[in-house]
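Below is one structure, written out as structure tokens; comments come after it.
The values are calculated or read from the model by the stated rules, or taken from the named source; none is laboratory data. What you are looking at is a predicted structure, and each value in this text was computed from that prediction instead of being measured. So basically every Cβ, Gly included, is an ideal-geometry build from the backbone, and we count neighbours across all protein chains shown.
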Ligand code: PMP
């Protein structure tokens, strides 16, 4: 049973007021809110068993190690990875992508090609550009249509035996587009290229199965899916993780060290140098449990209703342009829009006075804004704990802001 009031009651922040008004939080694409169980798991760690992991013989260290490794198992199970050591705990999506890009620096040669989609967040563009500068590889871009969908016929033309890597997000943060990653992966594999999928925006909405997808790398951040900031994961197929060199050197990632030579620890520790975000990793596991208890089928159904309702209500406002797929089945619960002749920042600032949190700007996806020739958009991104009543408050506030600004 999906009981929205019971779910909301588990998020303390949803009863807060902002600027004297009840908070309406529609900036879930930037970061999600945290349920009490996740907050408790952080407090519990620091109040009851704070200790460094993997190296202590004392009891607290063992309790902390077990809790951290149990979180890795939860993440493995959630994403259906074959082995627990294929889950590398990182500081988030950005670090996971940089880890892979850094590793490929030793595998690419001048003239090799890598393909990226036109819909990417800067964190899935810049590391690859740095990689190209370093190796002489060439970056190609899958273009998109005016509906913010990738033009797959163009992808077919780009893929060749020169292609070594393809990167794409599962869901676009700026427009909410659900990308055809199955097709992207199959076609890349047909020429022997590896694929990295950026799941920062998909994991709050759907449960990816990395084995069914046959994806080589899948990355995400805990904070988008009810977990804390500063922790995330890289799933990598064992064969790839064995091929890539370590990303950071330090403690934890070694087998033996002498001044002549160091040998590296086995997976996953080879990629986990230094003391990790221990309580973050543990709370990531708690967040995954929480989301599975809510249920991804329930989440998808409720969020789709919010998307349909929000789209319909916003379209009542004259001069509104919504960017992204018009077919809502190809979209997550994100509405990125503008109002004719009004800067998105002005709308965002005015509705903030009503306690409404939305994101305005380029959403770290400047090439998408350049494509539409706009400075940015107003982005309302809904989570499973949002309601139609909140959408009504938001739409009325946008209408008022428009009146004030026109
Ligand atoms: N990719 C996408 C699609 C995102 O939405 C984000 C976060 N906005 C990132 C990557 C980067 O995530 P993080 O800042 O948590 O590393």
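What is the number of the single condition among (1) out of contact with any strand residue (DSSP E or B) (no Cβ under 6 Å at 6 or more places or on another chain); (2) within 16 Å of the ligand (Cβ to nearest atom) that residue 44 does not meet?
Only one criterion is unmet by residue 44, namely (2).
Output the residues belonging to the range 303-339 that are over 23 Å from residue 387 (Cβ atoms) and in contact with a strand residue (DSSP E or B) (Cβ under 7 Å, 6 or more places away or on another chain).
319, 321, 323, 325, 330, 338, 339
With 387, 377, 360, 349 as the choices, which residue is touching a residue at least 60 places away in the same chain (Cβ under 8 Å) and surrounded by fewer than 22 Cβ atoms within 10 Å (Cβ to Cβ)?
Just a single option satisfies the conditions, and that option is 387.
Which residues, taken from the range 89-114, are away from the ligand (no atom under 14 Å from the Cβ), within 21 Å of residue 239 (Cβ to Cβ) and not in a loop (DSSP other than H, G, I, E, B)?
102, 103, 104, 114
Residues 99, 119: which one is assigned by TED's automatic domain parsing to the domain that holds residue 136 and over 30 Å from residue 145 (Cα atoms)? Lay out the reasoning, then the answer.
Numbers: 119 fails: over 30 Å from residue 145 (Cα atoms).
Selected residue: 99, the only one of 99, 119 that is assigned by TED's automatic domain parsing to the domain that holds residue 136 and over 30 Å from residue 145 (Cα atoms).
From the list 326, 311, 349, 286, which residue is away from the ligand (no atom under 16 Å from the Cβ) and assigned by TED's automatic domain parsing to the domain that holds residue 71?
On the way: 326 fails: assigned by TED's automatic domain parsing to the domain that holds residue 71; 311 fails: assigned by TED's automatic domain parsing to the domain that holds residue 71; 349 fails: assigned by TED's automatic domain parsing to the domain that holds residue 71.
Criteria check complete, one pass: 286.
Can you confirm whether residue 131 is within 17 Å of the chain's Cα centre (by Cα) and either free of Cβ contacts under 8 Å to residues at least 60 places away in the same chain or not in a strand (DSSP E or B) (or both)? Before the answer, list the steps.
Numbers: within 17 Å of the chain's Cα centre (by Cα): no; either free of Cβ contacts under 8 Å to residues at least 60 places away in the same chain or not in a strand (DSSP E or B) (or both): yes.
No.
Out of all the residues in the range 368-389, which are touching a helix residue (DSSP H, G or I) at 6+ places or on another chain (Cβ under 9 Å) and part of a helix (DSSP H, G or I)?
Selection gives 388 alone.
Residues 399, 330: which one is within 12 Å of residue 314 (Cβ to Cβ), surrounded by fewer than 23 Cβ atoms within 10 Å (Cβ to Cβ) and out of contact with any helix residue (DSSP H, G or I) (no Cβ under 8 Å at 6 or more places or on another chain)? Walk me through how you get there before you give the answer.
On the way: 330 fails: within 12 Å of residue 314 (Cβ to Cβ).
None of the others qualify; the one that does is 399.
Only residues that are surrounded by 16 or more Cβ atoms within 10 Å (Cβ to Cβ), at pLDDT 95 or above and not in a helix (DSSP H, G or I): list them for the range 53-72, please.
Correct list: 53 only.
Just one of 304, 363, 343 is closer than 21 Å to residue 394 by Cβ and within 16 Å of the ligand (Cβ to nearest atom); which is it?
Selected residue: 363, the only one of 304, 363, 343 that is closer than 21 Å to residue 394 by Cβ and within 16 Å of the ligand (Cβ to nearest atom).
Which residue out of 191, 159 is more than 12 Å from the chain's Cα centre (by Cα), farther than 29 Å from residue 360 by Cβ and surrounded by 15 or more Cβ atoms within 10 Å (Cβ to Cβ)?
159
Does the range 7-23 hold any residues that are closer than 15 Å to residue 384 by Cβ, touching a residue at least 40 places away in the same chain (Cβ under 8 Å) and either out of contact with any helix residue (DSSP H, G or I) (no Cβ under 8 Å at 6 or more places or on another chain) or not in a loop (DSSP other than H, G, I, E, B) (or both), and which are they?
7, 8, 14
Within the range 115-128, which residues are assigned to a loop (DSSP other than H, G, I, E, B) and more than 11 Å from the ligand (Cβ to nearest atom)? If you could, list the steps in order and put the result at the bottom.
At the first step, the residues of the range 115-128 found to be assigned to a loop (DSSP other than H, G, I, E, B) are 118-121, 125.
Across the range 115-128, the qualifying residue is only 118.
Those residues that are more than 13 Å from the ligand (Cβ to nearest atom) and in contact with a strand residue (DSSP E or B) (Cβ under 9 Å, 6 or more places away or on another chain), I need them from the range 182-196; list them, please.
Within the range 182-196, 184, 185, 187, 188, 189, 191, 192, 193, 194, 195 qualify.
May I ask you to say which residue of 255, 212 is under 19 Å from residue 73 (Cα atoms), surrounded by fewer than 19 Cβ atoms within 10 Å (Cβ to Cβ) and away from the ligand (no atom under 16 Å from the Cβ)?
From the options 255, 212, the qualifying one is 212.
For the subset of the range 150-179 comprising residues that are within 16 Å of the ligand (Cβ to nearest atom) and part of a loop (DSSP other than H, G, I, E, B), which member is farthest from residue 311 (Cα to Cα)?
170
Residue by residue through the range 75-84, note down the ones that are buried (at least 19 other Cβ atoms within 10 Å of the Cβ), in contact (Cβ under 8 Å) with a residue 40 or more places away in the chain and not in a loop (DSSP other than H, G, I, E, B).
Passing the criteria: 75, 78, 79.
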